[in-house]
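Scroll down for the structure; my scribbles are underneath it.
The values are calculated or read from the model by the stated rules, or taken from the named source; none is laboratory data. Owing to the predicted nature of the structure, the values given are computational and were not obtained by experimental measurement. Heads up, the Cβs are rebuilt from the backbone with ideal geometry, glycines too, and the neighbour counts pull from every protein chain shown. For the accessible areas, the whole protein counts, side chains as well, though only heavy atoms, and no ligand, DNA or RNA atoms are used. Shrake-Rupley method; radii C 1.70, N 1.55, O 1.52, S 1.80 Å.
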Amino acid sequence: MSKSGGINLIIAIGAFNAFLAIGTGAFAAHGLKDLLSADYLNTFKTAADYQLIHGIGLIIIGILSKSNPDRYNFVAATLMFIGIILFCGSLYLLTLTNTKWFGFITPFGGLFFLASWLTLGFNYLLDKD
């Protein structure tokens with residue numbers, strides 16, 4: 001895949017995650033409010049919020065990559081996407097299945113989020129141009 005194709009893919013994945021976050025948030029607010037406890041509904045909302053924030057983060061990384069197609073942008077985007085899968089996915093599964101061990105996966109997703117933001121920050125802090 002060409003660099004511009006990879007950049008466009010990052011933006012597309014970010015946009016699709018933002019779409020999914022809004023859809024799952026609306027689904028929780030309307031379809032799950034009578035099925036989940038208040039705590040689980042709040043946990044589900046947290047997952048949707050983080051998915052939306054990091055979907056927008058992916059879009060921003062893609063836009064930044066258009067003017068600076070540095071490989072660390074791709075590393076940051078990959079880490080962020082893995083974070084979405086692990087953090088948000090584990091919280092969605094925890095709340096929908098009431099399977100507690102999914103909660104053990106969530107902090108690993110958080111670590112991927114942290115690593116993605118640090119990678120992005122240092123990429124621009126240490127940029128020689």
Q) Among helices (runs of 4 or more DSSP H) lying entirely in region 8-108, which contain 2 or more residues that are within 30 Å of residue 125 (Cα to Cα), open to solvent by 60 Å² or more (accessible area, probe 1.4 Å) and at pLDDT 95 or above? A) 38-67, 71-83
Q. What number of residues in region 59-105 are of a type in the set (S, T, N, Q) and within 18 Å of residue 4 (Cβ to Cβ)?
A. 5
